[in-house]
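Report on one structure; see the data block that follows.
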Amino acid sequence: MEKVKAELLYEGKAKKMYAVVGRPEEVWVEYKDSLTAFNAQKTGSFAGKGMINAKITSLLYGRLKKAGIPTHLIADVSDTEMICEKLTIIPLEVVTRNRLAGSTAKKLGKDEGTSLEKPLVEFYYKDDALGDPFLSDDQALMMKAVPARADLEILKTKALEINRVLRAEFEKAGLELIDFKLEFGRNAKNEIVLADEVSPDTCRLWDFKTGEKFDKDRFRRDLGKVEESYQAVLHRLKGEQS
Ligand code: ADP
Ligand code: UDP
């Protein structure tokens, strides 16, 4: 039977989350055209941005599934919408870094692009009012982001597994995955599942040959060609010329 969109549950900066008629265990996710940075202090948009991020997420979550990594994606319903497993989101942004960039490079006094001997996984507290602060493992436990230290280890292991798959997928597209943010949630069986999205909004992606940026830093730093870069990521992942 065809699924039907029900009431709006939540509107965020990049997506709207709706209920699904008769399916309390599912959520109807709609990607918006808006772009925000610096905790929504900078805003913008372009037509088709929601479609590009929905398609990139769907494509990558399909490839993660093939690699044996479960995600919340159940089915695409349109170019901008997908049905996902409804999860209780763990209030941590799980950031994985293959090279140092952005505020972390600055904070540690390193050049942007400094390579790392092994990937770093970090936790940030998902709280816009606090500006998503960095949390140590002990702080994450103190804030009860997860019940036990073992959960933090599960998140780190999953992030590193996902990093291996995503790095390889982006490499085939001529892009280096510099860093990215993941969100996880728990389903009815209490399993930890990858949620939210993976897109140029949530990853830093640099061209392997030229180092050119293809991600939200183009918007954050007013580098121009934002729309073209997002489109190119989708085309390249699909194996098309960009
Ligand atoms: P934000 O809340 O930061 O503005 P979005 O606009 O992307 O971000 O909103 C999507 C919201 O839905 C986020 O708060 C995210 O944690 C949450 N979310 C993502 N996937 C799921 C899911 N499968 N079940 C429930 N909530 C989810
Ligand atoms: N990121 C994200 N959402 C956030 C914070 C970070 O998607 O709320 C992504 C960001 O796009 C980058 C990675 O996580 O790919 C690491 O971001 P970093 O902590 O370096 O953020 P900066 O302060 O430099 O923007």
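The values are calculated or read from the model by the stated rules, or taken from the named source; none is laboratory data. Keep in mind that what you see is a predicted model, and the values were worked out from it rather than measured. No Cβ is skipped: glycine too gets one built from the backbone with ideal geometry, and neighbour counts run over all protein chains shown.
Within segment 188-242, work out how many residues are exposed (fewer than 12 other Cβ atoms within 10 Å of the Cβ), of a type in the set (A, V, I, L, M, F, W, C) and more than 16 Å from ligand 1 (Cβ to nearest atom).
Number satisfying all stated conditions: 0.
Scan segment 73-84 and give yes if some residue there is at pLDDT 95 or above, more than 16 Å from ligand 2 (Cβ to nearest atom) and under 14 Å from the mean Cα position of the chain (by Cα), otherwise no.
yes
Which of the numbered conditions does Ala40 fail, given that it passes all the others? Conditions: (1) loosely packed, with under 14 Cβ neighbours inside 10 Å; (2) free of Cβ contacts under 8 Å to residues at least 60 places away in the same chain.
(2)
Going through segment 1-43 one residue at a time, which ones are at positive phi and either in contact with a helix residue (DSSP H, G or I) (Cβ under 8 Å, 6 or more places away or on another chain) or of a type in the set (Val, Ile, Thr) (or both)?
Phe38, Asn39, Ala40 - these are the residues of segment 1-43 that are at positive phi and either in contact with a helix residue (DSSP H, G or I) (Cβ under 8 Å, 6 or more places away or on another chain) or of a type in the set (Val, Ile, Thr) (or both).
Does Tyr18 satisfy the criteria of being hydroxyl-bearing (Ser, Thr, Tyr) and crowded, with 19+ Cβ neighbours inside 10 Å?
Considered against the rule, which asks whether it is hydroxyl-bearing (Ser, Thr, Tyr) and crowded, with 19+ Cβ neighbours inside 10 Å, Tyr18 comes out as yes.
Rundown of residues vs (1) within 18 Å of the chain's Cα centre (by Cα); (2) surrounded by 17 or more Cβ atoms within 10 Å (Cβ to Cβ); (3) among the hydrophobic types (A, V, I, L, M, F, W, C), yes/no style:
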| site | (1), (2), (3) |
| --- | --- |
| Glu11 | yes, no, no |
| Val29 | yes, yes, yes |
| Thr36 | yes, yes, no |
| Met51 | yes, yes, yes |
| Leu60 | yes, yes, yes |
| Val95 | yes, yes, yes |
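Need at least 1 residues that are polar (S, T, N, Q) per element, so show me which strands (runs of 3 or more DSSP E) inside segment 90-208 make the cut, counting only ones lying wholly within it.
Correct list: 92-99, 115-125.
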